[in-house]
């Protein structure tokens with residue numbers, strides 16, 4: 001998967017098109033990512049000892065990884081991601097600027 005936890009991404013399709021956020025979690029087996037503030041759903045929470053109030057809470061749901069694009073750190077624009085080898089390590093780079101993403 002070309003997106004990692006902590007990356008800044010922009011949604012390119014779906015109901016939240018145009019929104020930006022950071023990746024909180026990646027689900028590589030299902031090709032999905034959880035992005036902060038994107039694809040919000042209402043979850044009915046039963047009262048428990050940790051949450052005695054219970055009720056309806058807003059939470060992020062996973063979104064398909066093909067619906068998000070990585071934001072290029074240098075140009076602040078969405079870009080595709082490529083892989084190359086530097087010093088014997090496989091690193092990601094932005095296709096638009098050619099800049100290495102992984103430091």
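The values are calculated or read from the model by the stated rules, or taken from the named source; none is laboratory data. It should be emphasised that the depicted structure is a prediction, and the values quoted were computed from it without experimental measurement. Note that each Cβ is placed from the backbone with ideal geometry, even for glycine, and that neighbours are counted across all protein chains shown.
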Next on the checklist: I'd like the residue in segment 18-33 that is part of a strand (DSSP E or B) and in contact with a helix residue (DSSP H, G or I) (Cβ under 7 Å, 6 or more places away or on another chain) and, out of all such residues, is farthest from residue 59 (Cα to Cα).
Outcome noted: 32
Item to check | Leading residue by the ranking (modelled with the lowest pLDDT) among those in segment 40-79 that are surrounded by fewer than 12 Cβ atoms within 10 Å (Cβ to Cβ) and closer than 30 Å to residue 93 by Cβ | outcome: 76
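Can you find, within segment 3-17, the residue that is farthest from residue 83 (Cα to Cα) among those that are touching a helix residue (DSSP H, G or I) at 6+ places or on another chain (Cβ under 8 Å) and part of a loop (DSSP other than H, G, I, E, B)? Write out each step before concluding.
So the first thing to find is which residues in segment 3-17 are touching a helix residue (DSSP H, G or I) at 6+ places or on another chain (Cβ under 8 Å), and the list is 3, 11-14.
Next cut, part of a loop (DSSP other than H, G, I, E, B) only: 3, 12-14.
Numbers: 3: 12, 12: 21, 13: 24, 14: 27 Å.
That would be 14.
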Checklist entry - Taking segment 26-39, which residues are loosely packed, with under 15 Cβ neighbours inside 10 Å and under 24 Å from residue 82 (Cβ atoms)? => result 27, 28, 29, 30, 31
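Would it be correct to say that residue 62 is closer than 19 Å to residue 12 by Cβ and within 11 Å of the chain's Cα centre (by Cα)?
yes
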